[in-house]
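Read-outs: derived from the displayed coordinates by stated rules, not from any lab. Being a predicted model, the structure only gives us computed values, none of them experimental. In this analysis, Cβ positions are derived from the backbone assuming ideal geometry, glycine residues included, and neighbour counts consider all displayed protein chains.
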Amino acid sequence: MNVDLYERIWMWGAAVIVAVFLVAIGVSTFAYAVRPPSHVETIDPSAVMQDPRFATPGVTTAADGSVHVTMVAMTFAFLPNEVHVPVGKPVTFRITSMDVTHGFEIAGTNANTMVVPGYVSQFTYTFTTPGERLVVCNEYCGTGHHTMQGKVIVDPAPGAAPASAAVPAAAPAEVAR
């Protein structure tokens, strides 16, 4: 069987590309611990507020210092609409939906999840700077979708200087001659 030189080049090129893709998947899986979400926890969407896991949404701090935020997404609102979390500590968000599929994205971060009725979405994020973050629904959920927003307020560490006092005014730079 005689295979033309250009066909052999294209076949080897395609094989190399496939090998590079497989190596990239392996590296991201094992070296960087990138895995698909596997936290599968279900809930009855018609009884979310009666379920003890979501009966009192809000922020709780466990005895070991871990911070948990429990939220419910519903027609054009997050419950609670505003949460305060500490800076520098891992915060675990647990969110579910009572009605339709919603999104949960904390703007300016990579904290993002899809909130599907009947399932509990969970992720952990560590905020590195204090301030106010906007939470938006990034999955179309109906005619009032554009009004669905909330806030995550990242409180500074106890004893830390306020953000305005943390950075002193810089003196004008001198020009080297």
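Things worth noting here:
- From its DSSP helices (H runs of at least four residues, each -39,500 (n - 2.57)), the chain gives a residue-normalised ellipticity at 222 nm of -5500 deg cm²/dmol.
- Per-peptide packing, taken as the mean over residues of other Cβ atoms within 10 Å, places 21-27, 45-51 in the sequence 45-51, 21-27 from highest down.
- Axis of helix 5-30 versus longest Cα principal axis of the chain: the two differ by about 30°, to the nearest ten degrees.
- Relative contact order (%) - criterion: Cα under 8 Å, at least six apart; region: the chain: 19 percent
- P(r) for segment 45-155, from all Cα pairs and a bin width of 10 Å, is 15, 51, 30, 4, 0 %, short bins first.
- Ranked list, fewest to most other Cβ atoms within 10 Å of each Cβ, for Arg133, Arg8: Arg8, Arg133
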